[in-house]
Amino acid sequence: MGRPDEPQPALGKAIRQLREQRGTTQEALAFEAGVTTGTLSLIERGQSNPAWGTVKAIAAALGVDIGDLAQLAVAIDR
């Protein structure tokens, strides 16, 4: 992964992969996580570096442990 202040594309890819596996739209996931669709889109495209609370909310909305989300992101980043 890159510097902590830069967007992490692998995190966005992991979120998108899990969302698509669950057959959930960006709109539905964003609503459940309490973020805008635009924000979720930026995160999924690796153009935004979300706050810790946002990542926790997205993981919860996806029904996954934040550690599992992080592991998937690391695997994608390899």
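Tally up the residues in the range 15-27 that are under 21 Å from ASN49 (Cα atoms) and out of contact with any Lys or Arg (no Cβ under 9 Å at 6 or more places or on another chain), please.
Residues meeting the conditions: 6.
Of everything in the range 1-39, what is in a helix (DSSP H, G or I), among the acidic types (Asp, Glu) and exposed (fewer than 14 other Cβ atoms within 10 Å of the Cβ)? Give them in sequence order.
GLU20, GLU27
Being assigned to a helix (DSSP H, G or I), under 10 Å from the mean Cα position of the chain (by Cα) and not small (Gly, Ala, Ser) is the filter here; which residues of the range 40-65 pass it?
Residues satisfying the conditions are LEU40, LEU42, ILE43, GLU44, THR54, VAL55, LYS56, ILE58, LEU62.
Among the residues of the range 63-78, is there at least one that is in contact with a Pro (Cβ under 9 Å, 6 or more places away or on another chain) and surrounded by fewer than 18 Cβ atoms within 10 Å (Cβ to Cβ)?
yes
Throughout, read-outs are computed from the coordinates displayed, never taken from laboratory work. In this text the structure is predicted, and so the values were computed from the model without any measurement. We place every Cβ from the backbone using ideal geometry, glycine too, and count neighbours over all the protein chains shown.
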